[in-house]
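Everything below concerns the one structure shown next.
Nothing in this text is a laboratory measurement; each read-out follows from the coordinates by a stated rule. Just so it is clear, the structure is predicted and the values come from calculations on it, not from any experiment. Heads up, the Cβs are rebuilt from the backbone with ideal geometry, glycines too, and the neighbour counts pull from every protein chain shown.
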């Protein structure tokens, strides 16, 4: 089934499962940089996954992406700064962290991360990155990154489970169903708008 042909009526549990989750396992590869995409809860779910990969020796650098300002426990700050605090709490050395504070959405996370990679490491020297985001958000993020990154950079997925949209439980709550369906349609819209190439599931 080509993603461009999927309609809202096609979104059965099986189609959503294949579209959002199939074939996106972390293969354990070592990379030049771990890139964490921002969100309101990125510090809770995504940063620990990135820190685990870091402390496993898979990379010497973690980039935290997200310039959107939000209210975190009564304090207004960029998503990346909230993630930065969490990374330090988890023991990641300050020298290993790259903070990207300009992006406002997923596409901009990817685009702005390229500039930060250039500034921190020289883009031509980067051969691979590990992309960390919530599991149900990974398909779209990975396709955007692979489409926009230079062809010499391999992008590997590192899905980070939250509580309501894991592969085995998203269908159990109204919140999980709503988020999964919305993300599935977002992927379809990205394909139909030319943000990412069409693909089969």
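Points worth noting:
- Residues of segment 145-184 that are surrounded by fewer than 15 Cβ atoms within 10 Å (Cβ to Cβ) and touching a helix residue (DSSP H, G or I) at 6+ places or on another chain (Cβ under 8 Å): 150, 152, 169, 171.
Table: residues versus (1) over 29 Å from residue 195 (Cβ atoms); (2) under 13 Å from the mean Cα position of the chain (by Cα).
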{"site": "44", "(1), (2)": "no, no"}
{"site": "64", "(1), (2)": "no, yes"}
{"site": "76", "(1), (2)": "yes, no"}
{"site": "89", "(1), (2)": "yes, no"}
{"site": "93", "(1), (2)": "yes, no"}
{"site": "100", "(1), (2)": "no, no"}
{"site": "109", "(1), (2)": "no, yes"}
{"site": "118", "(1), (2)": "no, no"}
{"site": "127", "(1), (2)": "no, no"}
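- The conditions of being touching a residue at least 12 places away in the same chain (Cβ under 8 Å), out of contact with any strand residue (DSSP E or B) (no Cβ under 8 Å at 6 or more places or on another chain) and within 23 Å of residue 26 (Cα to Cα) are met by residue 111.
- Counted residues, segment 17-36 - those being crowded, with 20+ Cβ neighbours inside 10 Å and under 25 Å from residue 172 (Cβ atoms): 3
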